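What follows is a short report on a single structure.
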């Protein structure tokens, strides 16, 4: 069956990398969230300055509950900072906030990969939810066309994961340049922020790898089912 067979071995590297990435990001965040910056500016204040100086004056900054729930919403043009980041002066907080500012500036400048990712979100949100149920039903019913519909739906999720990578890496690159060039962080502090952002980026790499491996597993199962017919 789909959930318990030898093809599960294919996704083990993805599972291991996902666990490692999760540990890495929480470890880096936990360490640098305790280290205050010399500038003494809060993440929210810094974000407002960064956006204003870049001309993105239509972006609002809001506080959102939770830990590491920071994100930029391009539909509403809102940059949301989590409880542990919004009012914090730590290296981790400024690094994360600058990363989200990077996304806001991508949107402001119409950065192509972000535009593409935003365009495919509605389709991916539907097809990704349909993929596994369709594929699983196709396996149970031994109906090959439904298997391939499931594969096609999941392919959209893989594409989304791959498009996300340049978006995230570019946002982090922008963040580190702005943090140092504008004097928010010293060279030593910027190195700490880089560790936090690199750890966060690894979660997206792990997600993309997991999606690719899952797709490979689905293709293997679909082809195997086809050969048995």
On the first, second and third principal axes, largest extent first, how far apart are the outermost C-alpha atoms of the chain in Å? 68, 33, 27
Report Rg (one decimal) and Dmax (nearest whole number) for the range 155-229, counting Cα atoms only, units Å. 18.8, 66
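Which of 37, 57, 7, 164 comes first, and how do the rest follow, when ranked by fewest Cβ neighbours within 10 Å? Provide the component values of the computation, followed by the final result.
Numbers: 37 26, 57 10, 7 15, 164 18.
So the residues, fewest neighbours to most, are 57, 7, 164, 37.
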Peptide ranges 71-78, 210-217 listed from the most packed, as the mean C-beta count within 10 angstrom indicates: 210-217, 71-78
Which residue, 150, 87, 183, tops the fluctuation ranking in a GNM of the chain built on C-alpha contacts under 10 Å? 183
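For the range 19-111, what percent of Cα pairs sit more than 15 Å apart? All intermediate terms of the calculation are to be shown ahead of the outcome.
On the way: 2419 of 4278 pairs.
Value for the range 19-111: 57 percent of Cα pairs lie more than 15 Å apart.
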Specify the angular offset, from 0 to 90 degrees and rounded to the nearest 10, of the alpha carbon long axis of helix 91-108 from the longest principal axis of the alpha carbons in the chain. 70
Just want the ordering: 130, 19, from fewest to most Cβ atoms lying within 10 Å of their own Cβ. 19, 130
Helix 144-181 versus the longest principal axis of the chain: what is the Cα-based angle in degrees, 0 to 90, to the nearest 10? 10
Between residue 198 and residue 177, what length in nm is gained on full extension when 0.36 nm per residue of separation is reduced by their alpha carbon distance? 6.1 nm
Nearest-ten-degree value, helix 12-32 long axis tilted from longest Cα axis of the chain: 10
Can you order the peptides 135-147, 40-52 by their average number of other Cβ atoms within 10 Å per residue, highest first? 40-52, 135-147
How large is the helix-only mean residue ellipticity at 222 nm for the chain, computed as the sum of -39500 (n - 2.57) over DSSP H runs with n ≥ 4, divided by its residue count, in deg cm²/dmol to the nearest 500? -25000 deg cm²/dmol
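Every number here is computed from the coordinates shown, using simple stated rules; none is lab data. Keep in mind it's a predicted model, so treat the numbers as computed, not measured. Please note: Cβ atoms are built from the backbone with ideal geometry, for glycine as well, and neighbour counts cover all protein chains shown.
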